[in-house]
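Engineer: Structure provided below as structure tokens; questions to follow.
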Amino acid sequence: MRHYIITISAAIAAMLWLPSCRKPVAEEIVSPDITGEWKLESAESLGENAVVKASETIEVSVYVAFEEDGTFELYQRLDERRFKRYEGTWTLEGKILSGLYDGKKSTPWASPYSVSIEDGGKTLVMSCMSGNQAGHQEPPGQQHESSRYVRTSIPESVREEAY
């Protein structure tokens, strides 16, 4: 009987000890939550937030909505008086964002973006990874153009005027 109790005790001790002997799992990359509506606050590629066309100053303005179902809506006014609407799908693998514009050919975005969330979820930073495919290692010191978006609702007037 004593031998039986010792065997049971040893088996229980082994079961409790084994999980702690596992090799540590590599730190998982957690994808930031980018769902929601955002407005472009600044972009290195734009410099000024206005464009002069035919002696008229046009304010550059961009809104984007990333939906939980993997779709997006993009409203941008870059060099026209009205907003232009685009839609499509997006995917986020780790911190790499890529997407496809809807249309006849489902055109991919010009490049993937490295994304991060700052200011307690109020700011989305997107850094262009042009010339690089998602998942490939970047050369050290590689500089990327980045854009900062602030979390805000897309005004109904923007949605209505977009074509």
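The values are calculated or read from the model by the stated rules, or taken from the named source; none is laboratory data. Predicted, not measured: the structure shown is a model, and the values here were computed from it. Positions of Cβ are generated from backbone atoms using ideal geometry, with glycine treated the same way; all protein chains shown enter the neighbour counts.
Engineer: Just wondering, is there one or more residues in region 128-143 that are outside any loop (DSSP other than H, G, I, E, B), crowded, with 16+ Cβ neighbours inside 10 Å, modelled with pLDDT of 95 or more and of a type outside the set (Val, Ile, Thr)?
Structural biologist: Looking through region 128-143, none of the residues is outside any loop (DSSP other than H, G, I, E, B), crowded, with 16+ Cβ neighbours inside 10 Å, modelled with pLDDT of 95 or more and of a type outside the set (Val, Ile, Thr).
Engineer: Taking region 63-95 as the search range and keeping residues that are in contact (Cβ under 8 Å) with a residue 24 or more places away in the chain and of a type in the set (A, V, I, L, M), which one is nearest to Ser114 (Cα to Cα)?
Structural biologist: Restricting to residues being in contact (Cβ under 8 Å) with a residue 24 or more places away in the chain and of a type in the set (A, V, I, L, M), the top hit is Leu92.
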